[in-house]
Structures are given as C-alpha cells and as structure tokens.
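Here's the structure, in structure tokens; my notes come after.
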Amino acid sequence: MLTAYSQEKKETNKKEPVVITADKLEYFNKDKIAIYTGKVEAIKGNIKLNADMMKIFLDDKGDVSKIIATGNVYFEQENKWGKGKEAEYYKDKNLIILRKDAEVHQDKNVVEGDEIYYYIDEEKAIATSKTKRVRSIIFPKEKQ
C-alpha cells in the first residue's frame, strides 16, 4: 500500500527545520515545552501536521523531540495524508501515531483504525482497534 520513499528525501527532511505557526504560543523554558493553540501548523520538509493544539517538547539542544497534537489532527506528505482526533510525533523514530478515528490514505487506498502507527522513513503503517475491526481499502494499480 505504501510506496518507496527515496533515501535522498529522508536525508533532506532530517536537515530541515520545523516551522510552526499558530494563533497563540506559550513557552515554558524551564520545562522545554511550547504549547501552540489555534489553527496550528507544523511543517518539516515535505511533511505537514495541522491541529487545534500542539504541545512541542524540546531536547537539551533545543531541537523538537516530540509533538502531541489534539483536535482535528491532519498530516500530509506528498501523496499520503492522515487524520485523527489526536496524534503524537516522535523525532527519534520518525513516527506519527494517529488516535481516535484514525485514517491514513495513499492515493485512493485507505487504512482505518482506532490507532495507526505510521513510520515515515519506512512508509510502514500498523493499525489497531479495540472498539471495531481495522479496515483497509486497496485499489488495484492502474496499468500505464
């Protein structure tokens, strides 16, 4: 379902800064936490994450290590996009976890579940569900 992601693009994304815009920012220097609220958008290379609120955790160097997003969460990367009510992003694993009515789409293909782990570098998705069964819709590839 997920296509190959070139090594060159992976390396480019790792070197890109995270650019965050929002209606409001609260920064807690002692805790190294920034809380953004109101139409929040975080962009790193070709990956975009939107939500009503994002809590950004910084490491000792001041780099983003983790993001917790809540409310109308949406992510996009090239021909893939996903949504849920909550999400977490872990920089060290380059992992997005979508929660609560989670969906990941690539072209016309869809994966749905209560929780979807999307490993960006590997283009690997793992869906789980406690309240209902996971669901996938996979279309045959069109002949060129």
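The values are calculated or read from the model by the stated rules, or taken from the named source; none is laboratory data. The structure displayed is predicted, hence computed values, not measured ones. Reconstructed Cβ throughout: ideal geometry from the backbone, glycine too, with neighbour counts over all protein chains shown.
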For this session: Kindly check whether there is at least one residue in the range 121-143 that is hydroxyl-bearing (Ser, Thr, Tyr) and surrounded by 15 or more Cβ atoms within 10 Å (Cβ to Cβ).
Result: no
For this session: Filter the range 83-123 down to the residues that are in contact with a Phe, Trp or Tyr (Cβ under 8 Å, 6 or more places away or on another chain) and over 21 Å from SER65 (Cβ atoms), then identify the one that is modelled with the lowest pLDDT.
Result: GLU123
For this session: Filter the range 1-44 for residues that are modelled with pLDDT under 90 and part of a loop (DSSP other than H, G, I, E, B) and give the result.
Result: MET1, LEU2, THR3, ALA4, TYR5, SER6, GLU16, PRO17
Seminar exercise, completed: Inside the range 24-57, the number of residues satisfying the requirement of being under 21 Å from GLU76 (Cα atoms), loosely packed, with under 15 Cβ neighbours inside 10 Å and either more than 15 Å from the chain's Cα centre (by Cα) or touching a residue at least 60 places away in the same chain (Cβ under 8 Å) (or both) is 2
Seminar exercise, completed: Taking the range 37-91 and keeping residues hydroxyl-bearing (Ser, Thr, Tyr) and under 23 Å from ASP114 (Cβ atoms) leaves THR70, TYR74, TYR89, TYR90
